[in-house]
1. Taking every residue in B:114-125, how many Cβ atoms of other protein chains lie within 10 Å of its Cβ, on average?
2. For a quick check of your reading of the filter: which trypsin sites (Lys or Arg not before Pro) in region A:65-101 sit in a DSSP loop and have no more than 15 other Cβ atoms within 10 Å?
3. Taking every residue in A:458-465, how many Cβ atoms of other protein chains lie within 10 Å of its Cβ, on average?
4. Arranged by the count of other C-beta atoms within 10 angstrom, fewest first, what order do B:Met32, A:Met368 take?
5. In nm, to one decimal, how far is the A:Ser50 label point from the B:Ile30 one, both placed 7 Å along Cα→Cβ?
6. From the phi angles alone, apply the Karplus equation (6.51, -1.76, 1.60; θ = phi - 60°) to region B:274-282 and give each ³J(HN,Hα) in whole Hz, x where the residue is Gly or Pro.
7. Can you list the chymotrypsin sites (Phe, Trp or Tyr not before Pro) in region B:211-272 that are in a DSSP coil and have 16 or fewer other beta carbons within 10 angstrom?
8. As a check on your grasp of the helix formula, calculate [θ] at 222 nm for the protein assembly as shown: sum -39500 (n - 2.57) over DSSP H runs of n ≥ 4, divide by the residue count, round to the nearest 500.
Amino acid sequence: MRKLVLLVILGFAYGQSSYGQISDSVLLGTVSFKNANNVYVRFLSTEKISIGDTLFVKTSGSLSPCLVVAAKSSISCVTTPIKNCEISQDAQVIFRIPLSKISIKKPSPVETKKSKDTLFLKDKKNPADSIKTRDVSLILNKQKITGRFTAASYSTFSNIDNASLHSLTGRLSLNIDHINNSKLSFETYLNYRQNIVSKSTPEGYQTRFFRIYTMALNYDVSKNIKVSIGRKINNRIASVGAIDGIQSEFKIKKFFTGAVIGFRPDIFDYGFNSKLLQFGLYGGFNQINGKASYETTFGILEQRNGSATDRRYAYLQHTDRLNDKISMFSSLELDLFQNVNGNASTKTRLTSFYYSINYQPVRKLSIMASYDSRRNIIYYESFLGNEIDRLLADDMNMQGVRIRINYKLTKKIYSGISLSNRFQPDGQNKSNNFYGFITHSKLPWIGGNLNLNTNLNYSNYLESKVLALRYNRDIFKQKLNFSTYYRIVDYKYVNRDIAKSLQHYVGSDFSFSAGKNYSLSLMGELSIRGAENNYRINFSITKRIR
Amino acid sequence: MSVQAYCQNTHGQNFKVDCRACHNPGGWKIDMNKFTYNHDSTGFMLEGQHKKTDCKSCHKSLVFNEAKNTCAECHTDVHGMSVGNDCARCHTAKSWLVDNIPELHEQNGFPLAGAHKVLACVDCHKSETTLKWDRIGNECVTCHLNDYNKSTQPNHIQSGFSTNCVECHEPISNDWGSPNFHYFFQLTLGHAIKDCKACHKTNDYKATSPECISCHLNDYNNAPNHKASSFSIICTDCHNTEPGWVATNFKNHDGLYFPINSGKHNNTWNRCTDCHPTNNYKEFTCTNCHNNQSKLAKEHDEENDYRFDSNACYKCHPKGEAD
């Protein structure tokens, strides 16, 4: 009877787990990997194991020393075998905890915040579902600098009247996450452009544009509270554009809410304008559930010019990914304020609506469809009276429908078509467009890709037909990409019988990757229409900041 | 009995990729030289700049399928939602800079051709951000309303011209006054006049008739014998737009008087004065061309009424034929 009880107790104790702690004095591990020099042993926790400690195996009922710990992580030890001790993968290994360490508190397998070394946290409710990672505060607070600087030039010139345009652009984006491993981060996105034109220009014509889209300090007050100060575009309310001021967001579980207060950039030069006060609130919720996710944001914003309301509107944005096949996006703006001839009212006006859906039923086929409707945006205080009248008189909503289908015919041949239609109730600004292409990748013998595409467009006054052929390939171990193309374009006026000559385009472009941080590209194009020759040359160099 | 411990994967429970595709026994740090995992299998191909991006920029946690895979989730929308969220319409992973701007404009029904090809973006897209594509459509008057309002040669408003600029102007030409500008009445040859007022006597340009006689009535009245001979007021019966009023044709001459556009006399004359030597077009001469008197006399030696006289010629040969 005693033997039976002992047997049951031992059997139960042994059956706890294949690695774990069967008593206060012993830890069980399992050999997870072996190579010529080392044996890797996994434990539930290696807190009580030190480098240089010995690990034992059970042979013939007794413990024999077999491995010496050379290095360790929170749950794994790298060991070297002793005296050619033979041990196989998945074999059990035992560590005898020294008496001095026996009183050390065992780490709980579900402990999160306090145990910074716990790598795996088992979700108690849904063990088969997603696994939360370790407390990532240490990872997130590590300083990280990323960015990109680009210098580019676009040049267009013609032999007709020696007309030309040169546009020089410099662009900088920089993100410094967790400055000095703190909770403070910095982001900026700047753009400078200078245009050099050959034609005579009217007085006041601008040729230089310096724009700051983002320049803000972000502070993580806590895991759920963030504050930003400076100029920043909030991705949850993207159509608002840049906000000069303070933005804060508070998250709790799947809900979030935020407030913005500050100023709107000047409507003429995008600089700071302290007269254009704006403030608002937004809220929403998001959820990630396996492959599905969705996020909805609703906000209200008041924009002022001085003490008068310029614009007041509600904003809604929704992103939905049902699974890895279907995703949707929609946004709308609803004006809640009108002020015509001094008569202010809360009359609503839908100024913008956008909806898109992406569907990929199988890997070979992808479909995208979208609809948009836009009206003039009116700032009742910033715009002059007659300008407001003109905008309201031309207050039709311009709409667009687009559908794009891409299909992979074979492993190397893929094709697609795109249909789009822009229209408005009075028939103006019409554009019906058809675009189709077929591409053969990895051409035999010569390599590279060959693309044939056509575009047909019909507007109220012009029909255009384009046919193009493009070849591109990577060379020098994909560091250099070269492409060349030919296009032929035929324009025809709808209601006028004017003989036009065809327009021919021929061009090439080169892209070069110099290491991980530098990219260069050069594009040149010649177009010929009768006696008219036009040239385009684009050049850019990009440096990654890491 | 033994109970197998619960094995947990840092990268998510459904992560089935072999560890060796990314990791190696040297340590957890990824050695890109030994990295064999094909990211294309996720459906998000690492092309262009995405190929150089650090993994952690997109994978904020070790559970890889939590990474965002739409543009807007990682990239700030500097266009302020003015063009939706379909970034691939204009951009590629190669660079945010766009090289095929003319092609994109063609797909939107406004080709950057003619005078529009050397315009800066901001010349049309006037948003203060320079990157917000507010609705401007593709009708000329949207941008050229000021040009319409300010034009004085002629004054478009007073003349009641349509705001459909294409009625007179060509969007893909290089200037306002293209050769086909006055396509409904060709301003060539005798009509190559720069001064619109020469024909358009009032500000109502549409009221100007394209009929020749509406401008050339005085010329008709003052022309020799036009009125007296009841010549047609359809000037093109005899004249073209060459300067000088040289009569090059008289379409009804055959039926009314004498065949000169058919029969023996077709292509035998250059101008009316070949047969009508004076301003009195009732007078004519055959003997100007048929001037070999002795030969003619011999040919007519059996004709009793023969006389070397134009009227006599016409009396016997009204159709210009020998018989």
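1. Mean inter-chain Cβ contacts per residue within 10 Å come to 6.
2. Details: sites: A:Lys72, A:Lys83, A:Arg96, A:Lys101; in loops: A:Lys83.
When the trypsin sites (Lys or Arg not before Pro) of region A:65-101 are filtered for loop state and at most 15 Cβ neighbours within 10 Å, A:Lys83 remain.
3. Details: counts 1, 9, 6, 10, 10, 1, 7, 1.
Mean number of neighbouring Cβ atoms from other chains: 6.
4. Values: B:Met32 8, A:Met368 19.
Ascending number of Cβ neighbours within 10 Å: B:Met32, A:Met368.
5. 3.7 nm
6. Along region B:274-282, the couplings run 4, 10, 10, x, 10, 6, 8, 6, 6 Hz.
7. Values: sites: B:Tyr220, B:Phe231, B:Trp245, B:Phe250, B:Tyr257, B:Trp269; in loops: B:Phe231, B:Trp245, B:Phe250, B:Tyr257, B:Trp269.
Counting only loop positions with at most 16 other Cβ atoms within 10 Å, the chymotrypsin sites (Phe, Trp or Tyr not before Pro) in region B:211-272 are B:Trp245, B:Tyr257, B:Trp269.
8. Values: 11 runs with 81 residues, N = 869.
After summing the helix terms and dividing by residue count, I get -2500 deg cm²/dmol.
Read-outs: derived from the displayed coordinates by stated rules, not from any lab. Source: prediction; values computed, not measured. FYI the Cβ positions are ideal-geometry reconstructions off the backbone, even for glycines, and counts take in every protein chain you see.
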